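One structure below.
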Amino acid sequence: MSEKSGESGLMLTTLDDLSNWAQASSLWPLSFGLACCAIEMMGSYASSFDLDRFGVIPRASPRQADVMIVSGTVTFKMADRVKRLYEQMAEPRFVISMGSCSNCGGPYWEHGYHVVKGVDRIIPVDVYVPGCPPRPEALIGAIIKLQEKIRKTSENG
Amino acid sequence: MDSSIEPLFLDLAQKTGTDFTGFDQTSGYWEFKSDVIHLRSLLENLYMDNSFWCDFLQSISGEHKQAPLESIVLHYHLESLTRSLKIHVACSENIVEASIKPTFPSVSDLWKAADWHERESAELFGIHFEGHPDLRKLLLPNDWQGFPLRKDYQAQERYHGLKIKYEK
């Protein structure tokens, strides 16, 4: 919100700011996990770290999701499915690449014949989270970074 | 280790035409060696015979050997929960020609667990299992080329347009 006018209870804002605020405060990720990073992701959703307080609530359908958290090793077999899920999400959509595997292939970079060397080869990524696996704090950091990014964007370009 | 079972194993080996090589102290397994022709009857007996009663198939694992002869070795790890026995059967089959898959008998009708173990070995080592009900690929995509756990395996260059090798 850009301005509060005081006693009258009136708020002034631009449509951009309003929609950005709404988007950033309700980032609903698609509920799926690929490997061990998914365990950390589930830990982040659970009560100790509580992603709920950021408005992050996992959705079971790509049609209702805004964010895709790619948490784990993307195999070639899974790559086709990940791409399809991404295409099924409604715009605006964002991608968080969580962990080394999904950033660049991780420990499978040299001998992993079955691993895509970075999920950014199939879908565009907004935030990369380093770690193997990243701590929940790092994932929360990524969500805050993504919120910052959304606040800076403008529909009018 | 209960050595009273040993004569029964020797009898079984003679009956089925396989090799019994005794008890392995380090692993705790009774060791059998077999060729492909006699494998099925050995495993059938270990499953059916009351004195062995191998009701649990722990795993089927494979091995690709290049020397002295190029061959595929399958290792069957069996356990009898009632008789407290652990048995390891190694079965070797030579690869005569690269284009022909070595064939092993399926034991998925004896142990349900063998179904997926055999599908996995089949796709990773390039083996055919005679009598398997549904030998589709298990882990790899349907259209994958080659057998990744063979020693001479070369990954294809691209899969669905994506480069397989890492590059910056």
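The values are calculated or read from the model by the stated rules, or taken from the named source; none is laboratory data. All figures in this text were calculated on a predicted structure; none of them were measured in a lab. Note that each Cβ is placed from the backbone with ideal geometry, even for glycine, and that neighbours are counted across all protein chains shown. These accessible areas exclude ligands, DNA and RNA; they are computed on the full protein's heavy atoms, side chains included. Shrake-Rupley method; radii C 1.70, N 1.55, O 1.52, S 1.80 Å.
What to note about this one:
- When the protein assembly as shown is reduced to its Cα atoms, the Kirkwood hydrodynamic radius in Å: 23.9 Å
- Overall dimensions of chain B by Cα: Rg and Dmax, Å: 17.9, 63
- Relative to the longest principal axis of the Cα atoms of chain A, the long axis of helix A:76-88 makes an angle of roughly 20 degrees.
- Count of Lys pairs (Cα-Cα under 25 Å; at least 8 positions apart or interchain) in region B:41-168: 14
- Sites residue A:13 and residue A:135, calculated FRET efficiency, Cβ-Cβ separation with R0 35 Å, nearest 0.05: 0.50
- Summarising the strand pairing of chain A, around 25 percent of its internal DSSP beta bridges are antiparallel.
- Leading residue at positive end of dipole, chain B (Cβ point charges), from B:148, B:75, B:62: B:148
- Estimated purely from DSSP H runs of n ≥ 4, each contributing -39500 (n - 2.57), the mean residue ellipticity at 222 nm for chain B is -6500 deg cm²/dmol once divided by its residues.
- Accessible surface area normalised per residue over the protein assembly as shown is 54 Å², counting heavy atoms of protein chains with a 1.4 Å rolling probe.
- Counting Cβ atoms of other protein chains within 10 Å of each residue's Cβ and taking the mean over peptide B:140-150 gives 2.
- Per-residue accessible area (protein heavy atoms, 1.4 Å probe) orders B:103, B:26 as B:26, B:103, starting from the largest.
- Shape descriptor for region A:11-72: Rg over Rh equals 1.08 (Cα atoms; Rh from the Kirkwood inverse mean 1/r).
- Couplings for region A:62-67, taken from phi via the Karplus curve 6.51 cos²θ - 1.76 cosθ + 1.60 with θ = phi - 60°, read x, 5, 9, 9, 9, 10 Hz in order; Gly and Pro are left as x.
- Relative to the longest principal axis of the Cα atoms of chain B, helix B:6-16 runs at roughly 60 degrees.
- By the Kirkwood approach, averaging reciprocal distances over each pair of separate Cα atoms, region B:1-90 gets a hydrodynamic radius of 13.4 Å.
- DSSP beta bridges in region B:3-163 [antiparallel fraction, %, rounded to 5]: 75 percent
- DSSP beta bridge pairing in region B:1-98, given as percent antiparallel to the nearest 5: 80 percent
- Charge dipole (region A:24-124, unit charges on Cβ, about Cα centre) - positive-most of A:48, A:123, A:26: A:123
- The mean number of partner chain beta-carbon atoms within 10 angstrom of a residue's beta-carbon across peptide A:113-121 is 4.
- As a calculated quantity, the FRET efficiency between residue B:6 and residue A:109 at R0 = 51 Å, using C-beta atoms, amounts to about 0.50.
- Cross-link partners for residue A:152 among the lysines, with Cα-Cα distance under 22 Å and sequence neighbours closer than 8 places in the same chain left out: A:4.
- Using a 1.4 Å probe over protein heavy atoms, the accessible area lost on pairing A with B, summed over both chains, comes to approximately 1200 Å².
- Point-to-point label distance, residue A:50-residue B:166, nm (Cα→Cβ direction, 7 Å offset): 3.9 nm
- Rounded to the nearest 10 Å², the accessible area of residue B:153 at probe 1.4 Å: 40 Å²
- ³J(HN,Hα), Karplus 6.51/-1.76/1.60, whole Hz, each residue of region B:72-86, x for Gly, Pro: 10, 10, 9, 10, 9, 9, 10, 9, 9, 6, 7, 9, 6, 10, 10
- Applying a DSSP loop filter and a limit of 16 other Cβ atoms within 10 Å to the GluC sites (Glu not before Pro) in region A:123-157 leaves A:155.
- Backbone N atoms of region B:43-62 closer than 20 Å to the 7 Å Cα→Cβ label point of residue B:103 belong to residues B:43-44.
- Helix A:136-152 and the long axis of chain A differ in direction by around 50°, with both axes built from C-alpha atoms.
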